[in-house]
1. Return the residue satisfying two criteria in turn: it lies in region 153-193 and is surrounded by fewer than 21 Cβ atoms within 10 Å (Cβ to Cβ) and charged (D, E, K, R), and of such residues it is nearest to residue 123 (Cα to Cα).
2. Go through (1) buried (at least 23 other Cβ atoms within 10 Å of the Cβ); (2) touching a strand residue (DSSP E or B) at 6+ places or on another chain (Cβ under 8 Å) for residue 507 and report which single condition fails.
3. Tally up the residues in region 328-368 that are closer than 24 Å to residue 392 by Cα, under 26 Å from the mean Cα position of the chain (by Cα) and open to solvent by 60 Å² or more (accessible area, probe 1.4 Å), please.
4. With the condition being touching a Lys or Arg at 6+ places or on another chain (Cβ under 8 Å), I'd like the strands (runs of 3 or more DSSP E) fully within region 214-324 carrying at least 3 qualifying residues.
5. Hey, can you tell me all the residues within region 281-315 that are of a type in the set (Gly, Ala, Ser), out of contact with any helix residue (DSSP H, G or I) (no Cβ under 7 Å at 6 or more places or on another chain), at pLDDT 95 or above and surrounded by 14 or more Cβ atoms within 10 Å (Cβ to Cβ)?
6. What pairs can you find where one residue is in region 459-482 and modelled with pLDDT of 95 or more, the other is among the hydroxyl-bearing types (Ser, Thr, Tyr) and surrounded by 24 or more Cβ atoms within 10 Å (Cβ to Cβ), and their Cβ atoms are less than 6 Å apart, with a gap of 6+ or different chains?
7. Just name the residue that is farthest from residue 182 (Cα to Cα) out of those in region 84-102 that are β-branched (Val, Ile, Thr) and open to solvent by less than 20 Å² (accessible area, probe 1.4 Å).
8. Do you know which of the residues in region 258-280 that are among the aliphatic types (A, V, I, L, M) and modelled with pLDDT of 95 or more is surrounded by the fewest Cβ atoms within 10 Å (Cβ to Cβ)?
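The values are calculated or read from the model by the stated rules, or taken from the named source; none is laboratory data. For clarity, every value in this text was computed on a predicted model and none was experimentally measured. Glycine gets a Cβ as well: all are built from the backbone with ideal geometry, and neighbour counts include every protein chain shown. The accessibility values were calculated without ligands, DNA or RNA, using every heavy atom of the protein model including side chains. Shrake-Rupley method; radii C 1.70, N 1.55, O 1.52, S 1.80 Å.
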Amino acid sequence: MGRFVRLVGLVLIGTVLVSVVPVDAATAGGKCAKAGLTQTTKGVSYKCTKSGRSLKWVKVSTTATNTSATTTTIATKGVNGPVGITSWTTTVSPNPVKPGAQFTITSVISCGPIMSLTESPYYPEMRAWSNAQSFAEPKFDVPTLSNGGNTATFTATATAPSGTGGFKVWTYVRDRIIPNACTGDVSGYKNSDGASFLTLTVSNNAATNTTLAGAVAKDGEACTNKGDKSILSGGYLECRAISGGTNKWFKLSTSPAAVSVPAGGSSLDACKLTEARINKFQNWNVGFPRGGGGSPLLPNSGISNVQLIAVDFSDAVGTSEELTAADTQVSEFNKWFDFASNGTMSFNWQYPKRWLRMPKSVSSYALVKADRATVIPMSQDIVSLADPIVDFAGSDFVYVLFPKSISLGASDLGFANWGVDSAEGTVKNLFGGGDYFYKNNFSLWEVWIHEWGHPMGLPGHSPRSNLSIMDNQNGSSVMLNVWDTFFAGWMGADQLYCMPNTQSTLETQLIPLERLQHGMRGVIVPISATEGLVVESHRAEGWGSRLGDGTYGVLVYYVDTTKDTDRSGESQGIVKETWAQYVTPATTNTYKLLLQGDTVTYKGITVTLIKTGDVDTVKITK
């Protein structure tokens, strides 16, 4: 059906080490395991060298002892050794940190083969996670290679949680492309379970690492690092990239003013592009009216009945902590719908908060995604198991909570408008995310929303991005884009401007979609009855914090309701037909956003981001 500002406080070791350094201390002439490995013992560096048929430690040089962690020292000249991690150290700074402040994660990993930034074998993919509630996963920069290519240093900026206390932070890694360079695995992550972690202390008494106002940072002047902040009275300066590849300081408010929709727009009916698909690759209309295929739609307003059923198995046992953690998932789900729907949707949840033991083992179900022959029997067992304690009357959706220890055999269990039986009637929609979501540290509430959206009539999956929950439920921003919000019936004339055909120029401000603030949030420029250009603003805040500090800009995309999205080549990275596509600036970026000064033109319509700040000011001409 699609996560950093200085601390003072408790004394903690802010370092986590994941290593395969041999247990026995290296001594000259002593036996070792793999040629090319090096190890430091009492300040002396030894290298594992082949001597005849045996491997022995040979003295290389003297180095200072690391008092915070034992690490492997890699030779300055690269050595093409066997695939595998030889050492791995992660640190956070500052530590302690103030609530909501930024901190830097640095992860240094050394591997057997020589890695490359441009050719195979490439450096691995590094990620980070925390057990802090609503932690936004940070994006690691391209690493710096050292020691002849055997060592890669990754850095990323993250935001501390708003609450105080000690929180686990860990990094996990996998190879990006075959042939392997580091972990020997392009599918599974090393340390994904956080078995090796460091403790981040969040304290109100921590020092700040923001630049002192007036010392260096000045509004409009050049800055170095995107995302840096400087505190001011009533606000702050933020370093942002602009068109042309330079960075500047921008003055921002901690309480941005609301922006109203300008007068003069057409009736929103003029922007309701008509459904006209030639090829139909999925059931749902991409143009108005919402619906399609004769399938009943989930409601987009009122109170909906939802059940959350926790089931475990003899070979995948759930824990009480997992049951409690699900409350947070439900809370975020409710908050998202309340804002996105302008308060028109709410939910009546039934959640027994107990594990129900399935009659068969996980493996016995032999689940295959989207396969009725395996999906329906497993789903029926879940509903039948819960029937004595759950009232399924009027059920709109059943969500299933699986234990984190599960190996489901598919990414998820789910169906829309199929149906299994309960004592109160048919359950038509069901979804449960499996180990794919747990291993990747994805939030369940995000995928729950995505799966609700499809049977509510949102086709999603276009334009292909990380900026809308209906395209990628685990993307960097999990807000609903302007077109999908309008299509869902949740965006009226108090938030959307429909540009009249007779209007040649519009200059307006746009509130970023990630900001929980109603007002002017988007523009649609109709081109024909089936075509239009959509303009919207984005920020690294709120439910878009995974975008990374300093990320901002305007997204422009073209909607064509004669098209549909063909996902048949998706697993191979092949983009076929799509009903929406980006209009990107000449010098693009990760999220295809227009930066201040950028201009794009498509089908005679020109969009320019003329000014950024708390909001983005755009000029549209045609």
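1. 176
2. Result: residue 507 fails condition (1) only.
3. Of the residues in that region, 2 qualify.
4. 235-242, 246-253, 302-312
5. Answer for region 281-315, where residues must be of a type in the set (Gly, Ala, Ser), out of contact with any helix residue (DSSP H, G or I) (no Cβ under 7 Å at 6 or more places or on another chain), at pLDDT 95 or above and surrounded by 14 or more Cβ atoms within 10 Å (Cβ to Cβ): 287, 301, 304.
6. Cβ pairs passing all conditions: 481/468.
7. From region 84-102, those β-branched (Val, Ile, Thr) are 85-86, 89-92, 97; that's our starting set.
Going one step further and asking which of them are open to solvent by less than 20 Å² (accessible area, probe 1.4 Å), we end up with 86, 90, 92, 97.
Details: 86: 9, 90: 16, 92: 22, 97: 32 Å.
Among those residues, the one meeting the criterion is 97.
8. Start the filter on region 258-280 by keeping residues that are among the aliphatic types (A, V, I, L, M), which leaves 258-259, 261, 263, 268, 270, 273, 276, 278.
Still in the running and modelled with pLDDT of 95 or more: 259, 261, 263, 268, 270, 273, 276, 278.
Values: 259: 18, 261: 19, 263: 6, 268: 15, 270: 16, 273: 25, 276: 16, 278: 8.
Looking at residues that are among the aliphatic types (A, V, I, L, M) and modelled with pLDDT of 95 or more, I get 263.
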